[in-house]
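S.K.: Quick one: this structure, given as structure tokens, is what I'll be asking you about.
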Amino acid sequence: MTVNQLLPEKYPTPDLFICDVADAVLKDIMPQMEHPFYALSKKPETNIRRYEHNGNWLEITPSVKGLATIYDKDVLIYAISQIMAKLNRGERVDRRIRINCHELLMFTNRGTSGKDYSALCEAVDRLAGTRISTNITAGDEEEYNNFGLIDQGSIRRKNGLNGRLLWLELTISDWVFDAIRNNAVLTLNRDYFRLRKPLERRIYEIARKHCGQQKQWPVSLELLHKKSGSQSPVKKFRLIIKNIVKHDHLPDYLIEYNEHTDQVTFKNRTQWWKDKKRPERRPFFRNADTHEKAKAIIPRGEDVYAWESDWVNYWIDTDCPPLKDPDAAFLGFCKGREAKKRQERLL
């Protein structure tokens, strides 16, 4: 791994628990994260992103100040990290959180000059201004949803408008908070904040989400380009991927590129797949009609027992948590996967 391709670590500290808010949200709302919410450029992006398929649509609307950027997302990463830390300590949490601005800047490996504090105000504006709307069709019914990244933000300064920011207070939206309470979070490598380029951060997020703790994850370059949300043409995107491959500086994952197949393969640097302990027994159903209920959920023609096998593997990969009701857990898995498949068809 080429360390000098990363930004210097300004404030070396022990590892902290970091959550990927885009993945936490999109796990619940748009699991495949086919199209990102965040702009990959520091230049204001004010165009509406809209995707349509078979009567369904997804729309991301920025404010006049521009779409929230992947750097603005650092604010949410920090906020959710603090909420998760409180939950892990057994403390009560709510949607409103007060953040020490200086600690936030240090945590995200930024500077602490006046311009860095001013950038926080701009980030809050873009986060509050970005809205996501979508319709979901089921049979002859259609549901419309509209939600934001944060509901509101306030900032306190010392010595008036020209003074240093003391703290900012965020009210995160219900859908973000629900994802946190459902523990739909992932851990990021601390070096995420040391990646120099926005697209490198986005590529790492995709690897973290899709490869996760697997040995490897292959994807076509065309599909990776689509998932990234990059505005660059595929030809330039391919050169960027080759540069990442050359320097091998992505945290957690090694990247290989096959020119003949135009395919990218992410390989896990940590041998999670070998370290996983397999349980002595698998969950068993208590009700005789569970498979029949599942068949009513999954797409027609698919094998319910294959879905059960995938569910068991998922249970194993999540460290075999205790199941109070295995039947309900399996049916919930089926509903979630079917919702994801519908979203894939939408996009």
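S.K.: Quick one: count up the residues across segment 318-336 that are assigned to a helix (DSSP H, G or I) and open to solvent by 60 Å² or more (accessible area, probe 1.4 Å).
M.R.: Total satisfying the criteria: 1.
S.K.: Need the failing condition index for PHE285 against (1) outside any strand (DSSP E or B); (2) surrounded by 13 or more Cβ atoms within 10 Å (Cβ to Cβ); (3) at pLDDT 90 or above, just the number.
M.R.: Just one mismatch for PHE285, condition (3).
S.K.: Further question: With the structure loaded, tell me whether GLY153 is open to solvent by less than 50 Å² (accessible area, probe 1.4 Å) and at pLDDT below 85 or whether it fails that test.
M.R.: Criteria not met by GLY153.
S.K.: Tell me, which residue of segment 223-247 that is modelled with pLDDT of 90 or more, within 17 Å of THR261 (Cβ to Cβ) and aliphatic (A, V, I, L, M) is surrounded by the most Cβ atoms within 10 Å (Cβ to Cβ)?
M.R.: Selected residue: LEU224.
S.K.: Collect the residues in segment 288-302 that are free of Cβ contacts under 8 Å to residues at least 12 places away in the same chain, part of a loop (DSSP other than H, G, I, E, B) and within 13 Å of GLU338 (Cα to Cα), keeping them in residue-number order.
M.R.: Selection gives ALA296, ARG300, GLU302.
S.K.: Follow-up. Can you name the number of the only condition in (1) more than 23 Å from VAL219 (Cα to Cα); (2) open to solvent by 60 Å² or more (accessible area, probe 1.4 Å); (3) modelled with pLDDT of 75 or more that TRP315 fails?
M.R.: (2)
S.K.: Moving on. Looking at ARG181 and the list (1) modelled with pLDDT of 95 or more; (2) within 30 Å of MET84 (Cβ to Cβ); (3) open to solvent by 30 Å² or more (accessible area, probe 1.4 Å), which single condition is not satisfied?
M.R.: Answer for ARG181: the failing condition is (1).
S.K.: Quick one: which residue in THR61, THR69 is in contact with a strand residue (DSSP E or B) (Cβ under 9 Å, 6 or more places away or on another chain), modelled with pLDDT of 90 or more and either open to solvent by less than 10 Å² (accessible area, probe 1.4 Å) or within 30 Å of LYS158 (Cα to Cα) (or both)?
M.R.: After ruling out the rest, the residue left standing is THR69.
S.K.: Answer yes or no as to whether LEU195 is open to solvent by 10 Å² or more (accessible area, probe 1.4 Å), aliphatic (A, V, I, L, M) and within 20 Å of PHE107 (Cα to Cα).
M.R.: Answer is no for this residue.
S.K.: Across segment 156-175, what is the total count of residues that are at pLDDT below 85, open to solvent by less than 40 Å² (accessible area, probe 1.4 Å) and either out of contact with any Lys or Arg (no Cβ under 8 Å at 6 or more places or on another chain) or acidic (Asp, Glu) (or both)?
M.R.: Counting residues in segment 156-175 that are at pLDDT below 85, open to solvent by less than 40 Å² (accessible area, probe 1.4 Å) and either out of contact with any Lys or Arg (no Cβ under 8 Å at 6 or more places or on another chain) or acidic (Asp, Glu) (or both) gives 1.
S.K.: Let me ask something else. Which residue pairs have Cβ atoms closer than 7 Å, lie 6 or more positions apart in sequence or on different chains, and pair a first residue in segment 245-256 that is under 11 Å from CYS211 (Cβ atoms) and outside any loop (DSSP other than H, G, I, E, B) with a second residue that is open to solvent by less than 10 Å² (accessible area, probe 1.4 Å) and of a type in the set (Gly, Ala, Ser)?
M.R.: So the pair list comes out as TYR253/ALA207.
S.K.: I'd like to verify a number: residues in segment 193-212 that are touching an Asp or Glu at 6+ places or on another chain (Cβ under 8 Å) and modelled with pLDDT of 85 or more, how many?
M.R.: Total meeting the criteria: 6.
The values are calculated or read from the model by the stated rules, or taken from the named source; none is laboratory data. If you're wondering where the values come from, they're calculated on a predicted model, not measured in any experiment. In this analysis, Cβ positions are derived from the backbone assuming ideal geometry, glycine residues included, and neighbour counts consider all displayed protein chains. What goes into the accessible areas is simple: the full protein's heavy atoms, side chains included, and nothing from ligands, DNA or RNA. Shrake-Rupley method; radii C 1.70, N 1.55, O 1.52, S 1.80 Å.
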